[in-house]
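Attaching a single structure in structure tokens format; questions to follow.
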Amino acid sequence: MKIGITGGIGSGKSYVCQLLMTRGIEVYDCDQAAKRIIRTSDDVRQQLLQLIGSLEKADIARFLLESEANAKKIDSIVHPAVFRDFEESGYQWMESAILYESGASKLVDRVIVVTAPEDVRIQRVMQRDGITREKALQWMQRQWPQAELQRRADYEIVNDGKQNLDKQIDDIIKKTIKR
């Protein structure tokens with residue numbers, strides 16, 4: 001069974017994935033894979049260079065945030081390459097902030113959403129990335145609303161700093177992995 005893990009920026013997806021890894025569950029990180037593929041795939045690099053005129057991270061981010069049309073153009077280049085890479089990787093678990101938006105949800109059998117209150121998410125992103133509240137909100141608004149992710153997911157892990165993450169993770173592992 002293939003499992004997808006998603007959640008909005010600042011929800012703590014990566015932290016939950018680290019906790020899964022301490023339990024021996026390897027998780028494919030779509031964001032890291034996309035960055036690696038952009039660095040190493042001649043085909044992807046050439047397509048991005050033709051589209052943007054630069055391969056600098058800041059230039060790609062700026063182009064991406066300029067418009068939804070620009071984001072879709074980049075996505076149409078990068079997402080198929082990441083999907084192929086995941087399918088060839090042998091991993092059973094995948095972390096993707098944009099699991100549904102990208103179409104990666106079609107590659108998994110079950111979905112776990114990691115959630116947190118919006119104010120907590122904003123603070124986490126501001127601290128992690130050293131950015132303003134406005135920039136954090138701009139990144140959050142580019143993603144689907146948390147309520148929509150909750151509605152579509154099979155399981156939810158609440159990462160609000162109050163709920164017991166270990167218990168939630170262990171309960172989901174019991175439900176998803178046949179022992």
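The values are calculated or read from the model by the stated rules, or taken from the named source; none is laboratory data. Predicted, not measured: the structure shown is a model, and the values here were computed from it. Positions of Cβ are generated from backbone atoms using ideal geometry, with glycine treated the same way; all protein chains shown enter the neighbour counts. These area figures cover heavy atoms from the full protein model, side chains too; ligands, DNA and RNA do not enter into them. Shrake-Rupley method; radii C 1.70, N 1.55, O 1.52, S 1.80 Å.
Which of the numbered conditions does residue 127 fail, given that it passes all the others? Conditions: (1) in a helix (DSSP H, G or I); (2) within 26 Å of residue 72 (Cβ to Cβ); (3) of a type in the set (S, T, N, Q).
(2) is the only condition that residue 127 fails.
Can you tell me which residues in the stretch 134-151 are surrounded by fewer than 12 Cβ atoms within 10 Å (Cβ to Cβ) and of a type in the set (Lys, Arg)?
Residue satisfying the conditions is 151 alone.
Yes/no matrix, rows are residues, columns are (1) touching a strand residue (DSSP E or B) at 6+ places or on another chain (Cβ under 7 Å); (2) free of Cβ contacts under 8 Å to residues at least 60 places away in the same chain; (3) over 30 Å from residue 174 (Cα atoms):
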site	(1), (2), (3)
1	yes, no, no
33	no, yes, no
45	no, yes, yes
67	no, yes, yes
97	yes, no, no
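Does the stretch 65-101 hold any residues that are under 24 Å from residue 4 (Cα atoms) and of a type in the set (A, V, I, L, M), and which are they?
71, 74, 77, 78, 81, 82, 94, 97, 98, 99
I'm told residue 147 meets every condition in (1) in a helix (DSSP H, G or I); (2) over 20 Å from residue 12 (Cα atoms) except one. Can you identify the failing condition by its number?
Here residue 147 meets the rest and fails (2).
Are any residues in the stretch 105-117 touching a residue at least 40 places away in the same chain (Cβ under 8 Å) and surrounded by fewer than 20 Cβ atoms within 10 Å (Cβ to Cβ), and if so, which ones?
Within the stretch 105-117, 105, 107, 109, 110, 117 qualify.
Take the residues in the stretch 152-179 that are within 15 Å of residue 4 (Cα to Cα) and part of a helix (DSSP H, G or I), then tell me which one is most open to solvent (accessible area, probe 1.4 Å).
Within the stretch 152-179, the match that is most open to solvent (accessible area, probe 1.4 Å) is 175.
In the list 89, 102, which residue meets the criterion of being among the hydroxyl-bearing types (Ser, Thr, Tyr) and buried (at least 17 other Cβ atoms within 10 Å of the Cβ)?
On the way: 89 fails: buried (at least 17 other Cβ atoms within 10 Å of the Cβ).
Checking each option against the conditions leaves just 102.
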